[in-house]
Amino acid sequence: MSIIIPKLWDSKICCKINYLNPNNDNNNTLYLTINRNSYLYFKLEEIFEFFKLNISQIPYIWFQDEFSGRILDWNLPIDILFNLFQYNNNYFKISLKISILTTSLLNSISQLQSQSILSYQHHFQSIKNPNFNDVFIFLEKYWRNIIKESCYILNNSSNLIMSMSMQNSINFWNSVKNLNYLEFEKNFNKFKNFNPLNLPLKLYFIKNSNLLFINQPNIHKFFNINSNNKITLFDLLNKLFDNTKNLKCISHGIELPLDSPLIELYFLMKHLDSFLHIIVLS
């Protein structure tokens, strides 16, 4: 295994979470480190404990990037959220909010604001007495669906992940929760295709600090299948953008060499959902 993989999984982001707590004037800011290749909502219990929040508030909690005002998606690794909005900062400034959100409020924040937080709130408002374990179950359900999607993209079928044994399936999810890259790679290799027809990629295009669009490119559409191993990141950018001058690509907080073969980047730097998420800065 490449030494790059454990370094990526061990990499952390310093976070500063601010919350105006009406019941406690002393604890308004929480400093903590979160592994880049992890979900912010994995830390929910620790955040609740620090701010002395009632567990009944789980359905109404959300997080906001303090610079852009954009609501942070619960279903994206925190590495992506940080790179999207505060890549050049030393730490991630986040505001904790507790309220019921609506579609109109989300749209007023940003035209490209994800609706994922609404699915989170609707789900937990429908559960009687939700707890932190319910949050992990909710995240697991999403993660399993996205893993199936990545398996399908790699193999043109989800059968390999669907036929995984119950124990291996449990171990796979636990590797995500416990940040165990060895167990993750072991289970990922059960559906890894060394000559894939396509690659699970998502590109987020940023210009002047604004997220303009998100693209999930179909490699098979742009390139000859047999040349997949030779396709570079720069080749892909040339297919997606009219002008590639001054474009910079970021993943895991690292500026990616544009001459890197896409398939190598994917297998080394994929995130915990088996997609490689790349921020494209103009």
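Every number here is computed from the coordinates shown, using simple stated rules; none is lab data. Small disclaimer: the values here were computed from a predicted structure and weren't measured. Ideal geometry is used to build each Cβ from the backbone, glycine not excepted, and the neighbour counts take in all protein chains shown.
Observations on the model:
- Residues of region 49-61 that are hydrophobic (A, V, I, L, M, F, W, C) and without any contact (Cβ under 8 Å) to a residue 24 or more places away in the chain: Phe50 alone.
- Scoring Asn243 on the criteria (1) closer than 30 Å to Asn90 by Cβ; (2) out of contact with any helix residue (DSSP H, G or I) (no Cβ under 9 Å at 6 or more places or on another chain) leaves a single failure, condition (1).
- In region 233-268, the residues that are surrounded by fewer than 19 Cβ atoms within 10 Å (Cβ to Cβ) and among the polar types (S, T, N, Q): Asn238, Asn243, Thr244, Asn246, Ser260
- Candidate set: region 254-280, residues that are in contact (Cβ under 8 Å) with a residue 40 or more places away in the chain and part of a strand (DSSP E or B); chosen: the one farthest from Glu183 (Cα to Cα): Val280
- Flag for Phe275 being surrounded by fewer than 16 Cβ atoms within 10 Å (Cβ to Cβ) and aromatic (Phe, Trp, Tyr): no
- So Ser209, is it within 28 Å of Gln86 (Cβ to Cβ), among the polar types (S, T, N, Q) and crowded, with 18+ Cβ neighbours inside 10 Å: no
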